[in-house]
1. Only residues in region 231-247 that are hydroxyl-bearing (Ser, Thr, Tyr) count as the first member; pair them with residues that are modelled with pLDDT under 80, Cβ under 9 angstrom, at least 6 apart or cross-chain, and list the lot.
2. Where residues in region 106-165 are in a strand (DSSP E or B) and polar (S, T, N, Q), which of them is farthest from residue 210 (Cα to Cα)?
3. Within region 135-158, track down each residue that is open to solvent by 30 Å² or more (accessible area, probe 1.4 Å) and under 13 Å from residue 120 (Cα atoms).
4. Show the residue pairs meeting these rules: Cβ distance below 8 Å; 6+ apart or different chains; first residue within region 19-30 and within 14 Å of residue 183 (Cβ to Cβ) and in a helix (DSSP H, G or I); second residue at pLDDT 85 or above and open to solvent by 30 Å² or more (accessible area, probe 1.4 Å).
5. Name the single residue, out of those in region 103-135 being of a type outside the set (D, E, K, R) and farther than 23 Å from residue 199 by Cβ, that is modelled with the lowest pLDDT.
6. With respect to residue 197, determine if the residue is open to solvent by 30 Å² or more (accessible area, probe 1.4 Å), of a type outside the set (S, T, N, Q) and either more than 18 Å from residue 154 (Cβ to Cβ) or modelled with pLDDT of 75 or more (or both).
7. Which pairs turn up if I take residues in region 186-211 that are touching a residue at least 40 places away in the same chain (Cβ under 8 Å) and more than 17 Å from residue 20 (Cα to Cα) and look for partners that are of a type in the set (Phe, Trp, Tyr) and buried (at least 20 other Cβ atoms within 10 Å of the Cβ) with beta carbon separation below 6 Å, at least 6 apart in sequence or on another chain?
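The values are calculated or read from the model by the stated rules, or taken from the named source; none is laboratory data. For clarity, every value in this text was computed on a predicted model and none was experimentally measured. Every residue, glycine as well, gets a Cβ built from its backbone with ideal geometry; the counts of neighbours run over all protein chains shown. Surface accessibility is based on the protein's heavy atoms, side chains included, excluding ligands, DNA and RNA. Shrake-Rupley method; radii C 1.70, N 1.55, O 1.52, S 1.80 Å.
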Amino acid sequence: MASVSAVVTLTKWPLRAPCAALALWLAGCAGGLTALGCATYALFAHLEAQLAHEKLRLPMDVLAVVGAWVFVGHVVVAYVRVHRQGARRRERHLTLLGLFGHPVQHLSAVILPSRHPLAYSVPGPEGGRAVISDGVISGFTREEIASVLAHEHAHLRQRHHLLTQLSEALCASLPKRLCSVRFSERFHSLIEMRADCAARVKCGRYAIAQALARMAPDSPAEPTADSGCPVAARRRHLLFNERCCNSLASSAVFCLACAVAAAPVVLTAVGFLTAACTFVRH
């Protein structure tokens with residue numbers, strides 16, 4: 001899991017295939033947890049044999065497995081804490097939106113009185129709320145408004161806040177030097193690019209790219225690969241890729257993600273089959 005997180009954080013290809021990168025990261029988490037479960041079963045299912053033949057190695061194996069489960073428990077506790085804190089913040093924010101916002105049914109959004117272009121989403125009951133400001137309504141074209149709302153509705157529909165909370169819990173469980181701010185920034189950018197991919201299907205890539213340029217006027221006018229600006233990276237992905245994650249490399253990463261998630265189960269099944277064949281022969 002740590003190696004997959006490092007690959008997603010330190011390399012540049014995830015910015016060209018955000019969906020594949022997120023799939024690989026989730027597969028790494030699932031594969032690591034499955035491998036830990038298989039290792040735990042293999043250790044304690046044959047405990048008597050290991051006590052007879054591997055007395056010196058057994059304490060280290062037990063210590064490693066127990067330490068891994070302690071880390072998993074720490075991540076779960078951190079996730080519950082982050083989820084509860086986020087739920088309280090969202091509840092307060094929805095209350096404020098009820099006081100100061102103006103719901104518009106045909107847009108499925110809440111309008112805030114602000115001249116600055118703002119857009120975000122607040123998960124909650126009944127699917128949450130997509131929020132935009134008066135500055136977006138008055139300064140954007142109809143296509144750009146539709147693309148912004150499609151982006152925010154994608155966040156709500158796909159429950160991206162749960163993935164964000166998982167990454168925050170993982171960062172909270174690791175030493176600061178191992179889980180830097182760079183990972184959080186990259187993960188947040190990938191989540192935003194995933195919502196961009198959903199919006200481009202509905203409204204087209206040029207509308208969402210132009211809306212991004214209006215939302216962040218300080219970003220470079222011509223997005224380049226080495227600009228270092230998250231908004232520029234999102235615009236570059238929209239403008240220079242006709243479809244999201246349609247390259248051969250993206251397909252290879254999706255296949256790799258499936259392999260990473262399934263490898264522990266497949267290897268365990270092969271081990272069981274080998275042991276069964278050996279038992280039948282003897």
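1. Pairs that qualify, where the first residue is hydroxyl-bearing (Ser, Thr, Tyr) and the partner is modelled with pLDDT under 80, are 247/16; 247/241.
2. Going through region 106-165, the residues in a strand (DSSP E or B) turn out to be 109-112, 119-122, 129-133.
Narrowing the set further to residues that are polar (S, T, N, Q) leaves 121, 133.
Details: 121: 20, 133: 17 Å.
Checking each candidate, the answer is 121.
3. Residues of region 135-158 that are open to solvent by 30 Å² or more (accessible area, probe 1.4 Å), as a first pass: 137-139, 141-143, 146, 153, 157-158.
153, the sole residue that qualifies.
4. From residues that are within 14 Å of residue 183 (Cβ to Cβ) and in a helix (DSSP H, G or I), the pairs are 22/163; 22/194; 29/166.
5. Narrowing region 103-135 to residues of a type outside the set (D, E, K, R): 103-114, 116-125, 127-128, 130-133, 135.
With farther than 23 Å from residue 199 by Cβ added as a condition, the list becomes 113, 125.
Numbers: 113: 91, 125: 84.
Ranking the qualifying residues of region 103-135, first place goes to 125.
6. Values: open to solvent by 30 Å² or more (accessible area, probe 1.4 Å): no; of a type outside the set (S, T, N, Q): yes; either more than 18 Å from residue 154 (Cβ to Cβ) or modelled with pLDDT of 75 or more (or both): yes.
Judged against the criteria, residue 197 is not a match.
7. none
Okay, residues lined up against (1) under 30 Å from residue 239 (Cα atoms); (2) at pLDDT below 75:
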{"position": "11", "(1), (2)": "yes, no"}
{"position": "17", "(1), (2)": "yes, no"}
{"position": "24", "(1), (2)": "yes, no"}
{"position": "34", "(1), (2)": "no, no"}
{"position": "43", "(1), (2)": "no, no"}
{"position": "48", "(1), (2)": "no, yes"}
